[in-house]
Amino acid sequence: MFIKLLQNYNIQNKHLPETIQQQFSNMALRGVKVLDFSRVLAGPFCTMLLGDVGASILKIERPPKKCGSECETRGSRLWAARRGGGIGGGDDSRRFGPPFLPHSKEHLTENVEDERLSTYYLAVNRNKRSFALDLSHEKGRDIARSLAKNWADVVVENFKPGTMKRMGLDYDDLKDVNPGLVYCSISGYGPSGPWSELPGYDVVIAGTHGLMSITGSPDAPAKVGVAMTDIVTGTLAQGAILAALYNRQAHPEKAGQRVDLSLMESQLACLSTAASGALNAVAGTPPPGRRGTAHENIAPYQAFKCKDGEYFVIGTGNDKQFFMLCETLGKPELATDKRFLTNACRVAARDELVSLLEDAFAAKNRDEWWELFRGHGFPCGPVRNVKEAFECDQAKYRKMALEIDHSVAGHVIVPAHPAKYSRSPIADGSFAPLLPPPMLGEHTEETLVNLLGMTSDEVDKLEDEGIVSCWRNSSIVKGAQSVA
């Protein structure tokens, strides 16, 4: 009975309004079940992308620690869990900030410091359910093993290599009892090799493996504004999981496999054209360096300061585009100047060309250049801040800002799924998040009762033992809509 419940229960389709269930029925990964042990960014970004297209994501998070004698009663312990992270519980990113969003008034407690939601966490955890489970306890590991063996199609984890093995939750521990399991491990440097035991964060790997050497101004390295190595790794992990699922479908025995990614390898792969130039350079050629917004191989291809102190960026990738730039700029003589006739010439004479263009762009404000250049056939645009980027007419038209009803915070706006499908669940062709980012343990009780077939008394006992934590004041999902 227990295994039958596990195999038949699709977490994301239970207890949702009928209209949302109908939307799920059209989604590409409907029926794919993902047990998500990942936290912070690379893994959660991967599983969010999978959830966006219909996979059922069960996010395993550690329960909050017990907070002493004042929390010994069950009600007080629930209060601690309901603070959206408790005391040290849940995904670490729940506490990344500011910025934080406050809880709505009906959920406030006397501890205002904890009544907040990290916008970092909210950004990458939609379309998931939170199961607060203590993996340091054998009973917790038994529950996780049962889910991995009897329910999951996919496991995603980004613990330090060896951690899942020590808990009996490694691929080798599960593949014999779930031969079809696709098991995705994300680490800093990979599971083997001289660096495998080192902890790895995005900014460190950007420094140690090349990205910082080509990012920023010449005088000092710079960090990319978002954790791009994490995000790229998560995106690559999503694609690798889909490839493994496709391979499983085609395999005579429907066999799964281990999928192994690291931040380091993803970072090195994404150096791409810069790496190709460096690896194939003749002896004595200096490696690619930092050029600010400029391009190593193309000119002009960078941002220029305008009269109002704002910046305008242009990207002329060929001679025709450079000619159009010069004509529109009112400097047609530059297009026929022998120093700038071809891209190779322009790269060689970069400093002279950039100096001339800097003088030209200083004559008008940023938005004046945009009005002048827009529609003239070469890539260009104003340098905008993050909020301006989502408020531009094209981003609005493509519905890239999505507002979702959060059970505690109310309306939350997050970036939308970037792909558009012709048979998507949304009439306008874009995906809306169907489940808001969960509170810690928001779906623990639901999972234990409906998925594992436990009684309320059994749930209470697990909670009293600190093996699970339940957040019992969530509301039914109301769905999502695009921000106009």
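Express in % the proportion of alpha carbon pairs of segment 216-255 at distances exceeding 16 Å. Each step should come with its number before you reach the end.
On the way: 453 of 780 pairs.
For segment 216-255, the fraction of Cα-Cα distances above 16 Å is 58 percent.
Straight-line reach from Lys254: which aspartates and glutamates have Cα under 20 Å away, leaving out those fewer than 8 places along the same chain?
Qualifying aspartates and glutamates at Cα under 20 Å: Asp153, Asp170, Asp172, Asp173, Asp176.
Quick check: residue separation of Asn318 and Val224 times 0.36 nm, minus the Cα distance between them. What number comes out in nm?
Working: separation 94, 0.36 × 94 = 33.84 nm, distance 2.69 nm.
Extending this stretch completely gives an extra 31.1 nm.
Just from the alpha-carbon atoms, what are the Rg and Dmax of segment 354-422 in angstroms?
In Å, with Rg to one decimal and Dmax whole: 17.4, 55.
Please list, ordered by chain and number, the residues whose modelled amide H lies under 5 Å from the amide H of His411; skip anything fewer than 5 residues away on the same chain.
It is His406, by chain and number.
Leaving out same-chain residues fewer than 8 places away, which aspartates and glutamates sit with a Cα under 12 Å from that of Lys331?
Asp359
Once amide H atoms are built 1.01 Å from N in the peptide plane, which residues 5 or more positions from Val155, or in another chain, come under 5 Å H to H?
Residues meeting the criterion, in which the H sits 1.01 Å from N, are Leu35, Val182, Tyr183, Cys184.
If each Cα of segment 147-263 is one equal point scatterer, what is log10 of I(q)/I(0) from the Debye formula at q = 0.11, 0.21, 0.24 Å⁻¹?
With no solvent term, the Cα-only Debye profile gives -0.44, -1.12, -1.31.
Of Lys33/Lys223; Lys59/Lys461; Lys320/Lys399; Lys307/Lys387; Lys160/Lys399; Lys139/Lys420, which sit over 31 Å apart, Cα to Cα?
On the way: Lys33/Lys223 35 Å; Lys59/Lys461 22 Å; Lys320/Lys399 33 Å; Lys307/Lys387 22 Å; Lys160/Lys399 37 Å; Lys139/Lys420 42 Å.
Lys33/Lys223; Lys320/Lys399; Lys160/Lys399; Lys139/Lys420, as the Cα separations exceed 31 Å there.
How high is the FRET efficiency between Asp92 and Thr208 when r is their beta carbon distance and R₀ equals 22 Å, given to the nearest 0.05?
Details: r = 22 Å, r/R0 = 0.99.
That gives a FRET efficiency of 0.50.
Give a residue-ordered list of calculated ³J(HN,Hα) values for segment 205-214 (Karplus: 6.51 cos²θ - 1.76 cosθ + 1.60, θ = phi - 60°; whole Hz; x for Gly, Pro).
Result, ordered by residue: 6, 4, x, 6, 10, x, 5, 5, 6, 10 Hz.
Rounded to the nearest 0.05, what FRET efficiency is calculated for Asp142 and Ser276 with R0 set to 35 Å and r the Cβ-Cβ distance?
Given R0 = 35 Å and the Cβ-Cβ separation, E is 0.10.
Work from the charge dipole of segment 301-383 (Cβ charges, +1 for Lys and Arg, -1 for Asp and Glu, about the Cα centre) and give the residue of Ala335, Asn365, Ala348 farthest towards its positive end.
Value: Ala348.
With no solvent and one point on each alpha carbon, what is the Debye value of log10 I(q)/I(0) for segment 301-383 at q = 0.23 Å⁻¹?
Result of the Debye calculation: -1.15.
Spelling out what I want: for every residue of segment 455-472, take phi, set θ = phi - 60°, compute 6.51 cos²θ - 1.76 cosθ + 1.60 (Karplus), and round to whole Hz; glycine and proline get x.
8, 4, 5, 5, 5, 4, 5, 4, 5, 4, 7, x, 7, 10, 9, 10, 10, 9
Efficiency by 1/(1 + (r/R0)^6): what FRET value for Glu296 and Asn365, r their Cβ-Cβ distance, R0 = 30 Å, to the nearest 0.05?
Working: r = 29 Å, r/R0 = 0.98.
The formula returns an efficiency of 0.55 here.
For Lys396 and Asn26 in the same chain, what is the full-extension length gain: residue separation times 0.36 nm, less their Cα-Cα distance, in nm?
Numbers: separation 370, 0.36 × 370 = 133.20 nm, distance 2.46 nm.
Separation in residues times 0.36 nm, less the Cα-Cα distance, equals 130.7 nm.
Residue by residue through segment 325-335, what is 3J(HN,Hα) from phi via Karplus (6.51 cos²θ - 1.76 cosθ + 1.60, θ = phi - 60°)? Round to whole Hz and write x for glycine and proline.
4, 5, 4, 5, 6, x, 10, x, 5, 5, 5
Every number in this text was worked out from the coordinates using simple rules, so none of it is lab data. What you see is a predicted model, and the numbers here were worked out from it, not measured in a lab. Glycine also receives a Cβ, built like all others from the backbone with ideal geometry; neighbour counts cover every protein chain displayed.
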